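One structure is given here, and the rest of the page talks about it.
What follows is calculated from the coordinates using simple rules that are stated; it is not laboratory data. None of these values were measured; they are calculated from a predicted model. Glycine gets a Cβ as well: all are built from the backbone with ideal geometry, and neighbour counts include every protein chain shown.
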Amino acid sequence: MIPLKDMVPAAANNINTRFIILDKGKMTLEGESKACLALVADETTAVHFQFWGEECDAFELGDIVCLVNGIFSYNRHNLVLRAGRRGKIEKVGEFTMVYVETPNLSEICWVPDPNNSNKYVRESVLSPYSRIFPPLP
């Protein structure tokens, strides 16, 4: 398992991690499938997570989730973590996990590494917090 802070965007299903669901957006239809975006976090950082289909109803706020073979990549111009077709998500607990809400990896501008075009590096921070799920005052 890797901490969320160690993820970098890639077109590979190779992310195995654990996180808690902090907030969920409303369900939308993308083609014929349901989708919903969530704010998730671990003790190192936060990130947006994309739920698809039945996953939208299966997970609630406070659920601790284990992701196996996930992918961290762009989906419709948004950088999100998701299970994808090859990945699997499973509830492994609830409510008892240390987490932070900043920085948010989905709010970082990533650019191709000038020394390795197959990798991305952080260029700048767009926002320290999620702009989709702003912190409560």
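Pairs of Cα atoms in the stretch 6-123 fall into 5 Å distance bins, from 0 up to the last occupied one, in shares of 2, 12, 22, 25, 21, 11, 5, 2, 0 percent.
Under the simplified labelling scheme, the V8-L126 pair shows an inter-label distance of 2.0 nm, with each label point 7 Å from Cα along Cα→Cβ. Once backbone amide H atoms are built at 1.01 Å from N, Y120 has D113 as its partners under 5 Å, excluding neighbours fewer than 5 places away on the same chain.
With a Förster radius of 30 Å applied to the beta-carbon distance between M1 and K34, the computed FRET efficiency rounds to 0.60. Among the trypsin sites (Lys or Arg not before Pro) in the stretch 33-90, those placed in a DSSP loop whose Cβ has at most 15 other Cβ atoms within 10 Å are R76, R85, R86. Of all beta bridges that DSSP places with both ends in the chain, some 90 percent have antiparallel geometry.
Straight-distance candidates among the aspartates and glutamates for linking to K88, with alpha-carbon spacing under 19 Å and chain neighbours fewer than 8 residues away dropped: D42, E54, E55, D57, E60, D63. For G53, the residues whose amide H sits under 5 Å from its own are K34, A35, ignoring neighbours fewer than 5 places away on the same chain, with H placed 1.01 Å from N.
Taking amide H as placed 1.01 Å from N in the peptide plane, L81 has its amide H under 5 Å from the amide H of H48, F49, Q50, each at least 5 places away in sequence or on another chain. For the chain, taking a cut-off of 4.7 Å between Cβ atoms, the unpaired cysteines are C66, C109. Taking θ as phi - 60° and the Karplus parameters 6.51, -1.76 and 1.60, the scalar couplings of the stretch 86-99 work out to 9, x, 9, 10, 8, 6, 10, x, 7, 6, 10, 8, 6, 8 Hz in sequence order, x denoting glycine and proline.
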